[in-house]
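Everything on this sheet refers to the single structure shown next.
The values are calculated or read from the model by the stated rules, or taken from the named source; none is laboratory data. Since we're looking at a predicted model, the values are computed, not measured. Neighbour counts run over all protein chains shown; Cβ positions are idealised from the backbone, glycine included. Note: accessible area is taken over every heavy atom of the protein model, side chains too, but ligands, DNA and RNA are not part of it. Shrake-Rupley method; radii C 1.70, N 1.55, O 1.52, S 1.80 Å.
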Amino acid sequence: MDKRVLWEGGFDIRSALYRMPAGMVTQQHQHDEWVQVMVIEGEMKVEPVGRDAVHVRDGGVYVLEPGDSHTETAVADSLVFITQLDEHPKYLRATAKEAPGELGL
């Protein structure tokens, strides 16, 4: 998965683009704060624990509430734009030197 950070460290918000290859599945996880995901291209399947899976395609948006345990699967090669309340602002600022990767943008 390639990542390109667009905004980090101001107003306790961060946003990034992620390119996810078809078939990639995230481990079940949750966030302490809200997360908004826009599928720019491709298709994602979101599976919140205890609720039905949702398929989100090009231009679609999904929001995960704080504490929602979930997995996400790239059904097709996908480019997603994620905006979230920064869960660990001090830690992230200290480690923001990581290489962003190539997104082919």
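Checking residue 85 against (1) surrounded by 16 or more Cβ atoms within 10 Å (Cβ to Cβ); (2) modelled with pLDDT of 90 or more, which test does it fail?
(2) is the only condition that residue 85 fails.
Just to verify a result, which residue in the range 88-105, among those that are open to solvent by 60 Å² or more (accessible area, probe 1.4 Å) and assigned to a loop (DSSP other than H, G, I, E, B), is modelled with the highest pLDDT?
Top of the filtered list is 88.
Go through the range 33-68 and count every residue that is surrounded by 14 or more Cβ atoms within 10 Å (Cβ to Cβ) and basic (Lys, Arg).
1
Restrict the check to the range 45-62 and report whether at least one residue is of a type in the set (Gly, Ala, Ser), under 19 Å from residue 6 (Cα atoms), assigned to a strand (DSSP E or B) and at pLDDT 90 or above.
The answer is no, given that none of the residues of the range 45-62 is of a type in the set (Gly, Ala, Ser), under 19 Å from residue 6 (Cα atoms), assigned to a strand (DSSP E or B) and at pLDDT 90 or above.
State the number of residues belonging to the range 11-23 that are over 11 Å from residue 80 (Cβ atoms), open to solvent by 50 Å² or more (accessible area, probe 1.4 Å) and within 14 Å of the chain's Cα centre (by Cα).
Qualifying residue count for the region: 1.
Can you confirm whether residue 77 is charged (D, E, K, R), at pLDDT 55 or above and surrounded by 15 or more Cβ atoms within 10 Å (Cβ to Cβ)?
Criteria not met by residue 77.
Can you tell me which condition residue 67 does not meet? The list is (1) modelled with pLDDT under 95; (2) under 18 Å from residue 1 (Cβ atoms); (3) small (Gly, Ala, Ser), and all the others hold.
The single condition residue 67 does not satisfy is (2).
Would you please name the residue that is farthest from residue 79 (Cα to Cα), looking only at residues in the range 1-24 that are among the small types (Gly, Ala, Ser) and free of Cβ contacts under 8 Å to residues at least 60 places away in the same chain?
So the residue we want is 10.
When the range 16-44 is examined, which residues are found to be hydroxyl-bearing (Ser, Thr, Tyr) and either over 20 Å from residue 59 (Cα atoms) or modelled with pLDDT under 95 (or both)?
The one that is hydroxyl-bearing (Ser, Thr, Tyr) and either over 20 Å from residue 59 (Cα atoms) or modelled with pLDDT under 95 (or both): 26.
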